[in-house]
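Accompanying notes for the structure given below.
The values are calculated or read from the model by the stated rules, or taken from the named source; none is laboratory data. As the structure is a computational prediction, the values presented were derived from the model and not from experiment. For neighbour counting, all protein chains shown are included, and Cβ atoms are generated from backbone atoms with ideal geometry for every residue, glycine included. Note: accessible area is taken over every heavy atom of the protein model, side chains too, but ligands, DNA and RNA are not part of it. Shrake-Rupley method; radii C 1.70, N 1.55, O 1.52, S 1.80 Å.
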There are 2 protein chains.
Amino acid sequence: MPFSMTNASIPVFEIVLNALSGVLDKAEAFATAKKIEPSVLLGMRLAPDMFALTRQVQVACDQAKNGAARLAGVEPPKYEDNETTIAQLKERIAKTVAFLKSLDGKAIDASADKEITFPLGPSKGQMIGADYLNHFVLPNFYFHATAAYAILRHAGVELGKRDFLAGIPIKRI
Amino acid sequence: MPFSMTNASIPVFEIVLNALSGVLDKAEAFATAKKIEPSVLLGMRLAPDMFALTRQVQVACDQAKNGAARLAGVEPPKYEDNETTIAQLKERIAKTVAFLKSLDGKAIDASADKEITFPLGPSKGQMIGADYLNHFVLPNFYFHATAAYAILRHAGVELGKRDFLAGIPIKRI
């Protein structure tokens with residue numbers, strides 16, 4: 001089944017998160033070359049009321065982790081938001097990807113018309129699984145992954161769209 | 001069928017593009033209030049080698065239009081990239097949404113394992129339909145929609161995540 005709830009979530013998160021890990025490698029190399037404290041990059045943001053880079057990466061991970069867990073009917077594990085280095089953020093990404101791989105694809109596929117209840121600010125949101133994936137988890141996930149990438153582009157790190165789309169199953173002809 | 005190629009594409013594009021149209025309304029109001037030429041906002045970019053706002057909106061529209069058309073087995077219409085005002089960009093969004101609504105959902109659903117060939121820079125890319133949607137069209141679409149939003153946040157327009165996610169089918173409980 002090439003198109004399924006599982007295929008539209010787990011490999012998408014894995015590929016984009018692993019690409020983000022590669023983007024963070026380029027940020028680390030940029031900081032070294034420019035003799036910048038990497039923590040300066042981690043604290044950068046595009047607007048005063050937007051998240052800094054560290055938080056963008058944490059939230060991108062959490063959207064994938066929490067979204068996929070809820071679709072699979074599993075309580076999402078809580079990760080402490082205590083990363084202060086690029087290496088630690090890369091570990092969080094790796095930990096998130098390992099967790100995603102542990103989820104039961106059949107349970108995710110069975111969730112398309114199941115009601116999903118999830119925390120939403122001070123209250124809760126409710127959507128059927130398919131809508132939750134299409135209209136909440138994926139847009140939020142991509143929002144924070146793109147914001148992380150855009151902060152680094154804005155900071156001058158040499159990145160291209162190929163870094164954002166690294167690892168996609170494409171055949172160039 | 002709550003989860004399908006059609007449901008994972010057409011309403012997603014519609015909702016996000018209509019939300020982007022609302023974001024552009026806020027940009028217009030901001031320009032008026034601050035006595036800024038709206039064209040200044042349209043020319044803003046997050047990095048010298050990233051697209052300006054106008055191009056981000058055009059490309060977000062085109063990712064939706066071209067992606068959905070190819071999945072439906074239809075030649076995507078070409079839109080001239082000649083917008084110079086916010087009103088014209090909103091028209092382009094409206095035209096894109098109208099085109100998306102005209103596509104045959106059954107053809108899109110039948111494309112999951114069909115080979116899709118599409119222009120990719122100077123050459124071509126090839127992916128099966130499900131992969132094309134999950135790993136090319138959606139990430140590219142969200143990338144440019146988020147970049148457009150982020151440019152305006154960066155410019156000082158008062159926007160929140162709710163503007164980005166406006167119109168999603170969520171029940172707040």
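A:I128's amide H: which non-local residues (gap 5+, or another chain) put their own amide H closer than 5 Å, with H modeled 1.01 Å from N in plane and none for Pro or chain starts?
The list, which skips near neighbours in sequence, is A:I116.
What nm distances, shortest first, do you get from the label point of A:K161 to those in the other copies when the point sits 7 angstrom along Cα to Cβ?
With the label placed 7 Å along Cα→Cβ, A:K161 yields 2.7 nm.
Once amide H atoms are placed 1.01 Å from N in the peptide plane, what residues at a sequence separation of 5 or more from A:L120, or on another chain, have their amide H within under 5 Å of its amide H?
A:G125
Going by the alpha-carbon gyration tensor, a ≥ b ≥ c the square roots of its eigenvalues, is the stretch B:1-93 rounded (a/c under 1.5) or, if a/c is not under 1.5, prolate (a/b greater than b/c) versus oblate?
It is prolate, given that a/c is not under 1.5 and a/b is the larger ratio.
Would you mind telling me which residue in A:P38, A:P76, A:P48 has the biggest mean-square fluctuation in a Gaussian network model of chain A, where springs connect alpha carbons within a distance under 10 angstrom?
A:P48
Just counting partner chain Cβ atoms within 10 Å, what average do the residues of peptide A:149-155 show around their Cβ?
For this peptide, the per-residue mean of nearby foreign Cβ atoms is 4.
When the helix-only estimate is applied to chain A (DSSP H runs of n ≥ 4, each -39,500 (n - 2.57), divided by the residue count), what is the mean residue ellipticity at 222 nm, nearest 500 deg cm²/dmol?
Mean residue ellipticity, 222 nm, calculated: -17500 deg cm²/dmol.
What figure, in Å² to the nearest 10, do you get for the accessible area of B:E37 with a 1.4 Å probe and non-protein molecules left out?
Approximately 120 Å² for this residue.
Modelling each spin label as a point 7 Å along the Cα-to-Cβ direction, I'd like the A:T84/B:A33 distance in nm, to one decimal.
3.9
List the distances, in nm to one decimal, from the label point of B:S102 to the label points of the same position in every other copy, shortest first, placing each label point 7 Å from Cα along the Cα-to-Cβ direction.
Values, ascending and in nm: 5.0.
One decimal, nm, shortest first: give the distances between the label point of B:P122 and those of the same position in the other copies, each label point 7 Å from Cα along Cα→Cβ.
5.8
Largest first, how would A:T146, A:T84, B:T54 line up by accessible area (1.4 Å probe)?
Largest accessible area first, the list is A:T84, B:T54, A:T146.
Using a cut-off of 20 Å between alpha-carbon atoms, which aspartates and glutamates can reach B:K34, once sequence neighbours fewer than 8 places away in the same chain are excluded?
Here the aspartates and glutamates satisfying the reach criterion relative to B:K34 are A:D49, B:D25, B:E158.
Name the shape class, rounded, prolate or oblate, that the alpha-carbon gyration tensor gives for the protein assembly as shown, where a ≥ b ≥ c are the square roots of its eigenvalues, rounded holds for a/c under 1.5, and otherwise prolate holds if a/b is larger than b/c and oblate otherwise.
In terms of gyration-tensor shape, rounded.
Just to make sure I understand: if all protein chains stay in place, what is the order of A:E158, A:E14, A:E91 by accessible area at 1.4 Å, largest first?
Of A:E158, A:E14, A:E91, the descending order of accessible area is A:E158, A:E91, A:E14.
Any idea what the relative contact order of chain B is, in percent, if you count C-alpha pairs under 8 Å spaced at least 6 apart?
35
With a 10 Å cut-off between alpha carbons and a GNM built on chain B, which of B:S39, B:S102, B:S123 moves the most?
Taking springs between Cα atoms under 10 Å, the residue moving most is B:S123.
Between B:I93, B:I116, B:I36, which gets the highest mean-square fluctuation from a Gaussian network model of chain B, Cα cutoff 10 Å?
Largest GNM mean-square fluctuation: B:I36.
Please state the relative contact order of the stretch A:11-83 as a whole percent: Cα pairs under 8 Å, 6+ residues apart?
17
Holding the Cα-Cα limit at 18 Å, pick out from A:K124/B:K171; B:K101/B:K171; B:K26/B:K171; A:K171/B:K124; A:K114/B:K101; A:K171/B:K114 the pairs that are longer than that.
B:K101/B:K171; B:K26/B:K171; A:K114/B:K101
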